[in-house]
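Quick notes on the structure that follows.
The values are calculated or read from the model by the stated rules, or taken from the named source; none is laboratory data. In this text, all values refer to a predicted model and were calculated from it rather than measured experimentally. Please note: Cβ atoms are built from the backbone with ideal geometry, for glycine as well, and neighbour counts cover all protein chains shown. Keep in mind that these areas ignore ligands, DNA and RNA; they rest on the heavy atoms of the full protein, side chains included. Shrake-Rupley method; radii C 1.70, N 1.55, O 1.52, S 1.80 Å.
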Amino acid sequence: MNTLSLSIEQYCQYQERCHQQVRDKLYSLGANTEEVECLIATLIEKDLLNEQRFANAYTRGHFINKKWGRIKIKYALKQLKVSDFCISKSMKEIKDQDYENVLKGLIEKKNKDYKATAIAWQRKAKIQQYLLQKGYENELIKEQLLFI
């Protein structure tokens, strides 16, 4: 086993990775295309590289820790060249009730932060813009903003 193989195995053992991250890392380590594809196949056989497992972990982590919405998570996974199938399956990691609760919590927090904005429609517009940047769906945001 060569050093390239060992280092990429350690890279994959440290945390879940997608195929593109591993591919980029191997190229940065000086591997050629044939070596890259061979090592990726080996990592998949050893179950050190699993794109669905990566997508699930990424989705859970970014929703729980960063409170990202589904839209932002989907775009981030697409940038990492994760397959649409894996992305759609990973969205099931976010339960609808949890999603709604996080959205309500963010609205409450931002409503307190923007209390200085006396005009209600301006405050709601700021909250809506913030939540759109976080990747939440416009329809859900509007629905929840009715209650503040």
Please identify the longest segment of the chain free of exposed trypsin sites (Lys or Arg not before Pro), where exposed means a DSSP state other than H, G, I, E or B and no more than 14 other Cβ atoms within 10 Å. 1-45
Suppose every Lys and Arg Cβ carries +1 and every Asp and Glu Cβ carries -1, with no other charges. What dipole size does the chain come out with about its Cα centre, to the nearest 20 debye? 1100
Of the candidates V102, A120, Q52, the farthest towards the positive dipole end of region 46-133 (Lys/Arg Cβ +1, Asp/Glu Cβ -1, centred on the Cα centre) is A120
Per residue, how much accessible area does region 1-79 have with a 1.4 Å probe, in Å²? 58
Which shape class applies to region 73-119: rounded if a/c is under 1.5, otherwise prolate when a/b exceeds b/c and oblate if not, where a ≥ b ≥ c are the square roots of the Cα gyration tensor eigenvalues? oblate
Among I107, I44, I119, which one moves the most in a GNM of the chain with springs linking Cα atoms closer than 10 Å? I119
Environment charge at D24 (Cβ cut-off 11 Å; Lys +1, Arg +1, Asp -1, Glu -1): +4
With contacts defined as alpha carbon pairs under 8 Å and 6 or more residues apart, what's the relative contact order of the chain in percent? 22
Of the candidates T33, Y11, G61, the farthest towards the positive dipole end of region 1-62 (Lys/Arg Cβ +1, Asp/Glu Cβ -1, centred on the Cα centre) is G61
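Can you give the net charge of the other residues whose Cβ lies under 11 Å from the Cβ of S83, counting K and R as +1 and D and E as -1?
+1
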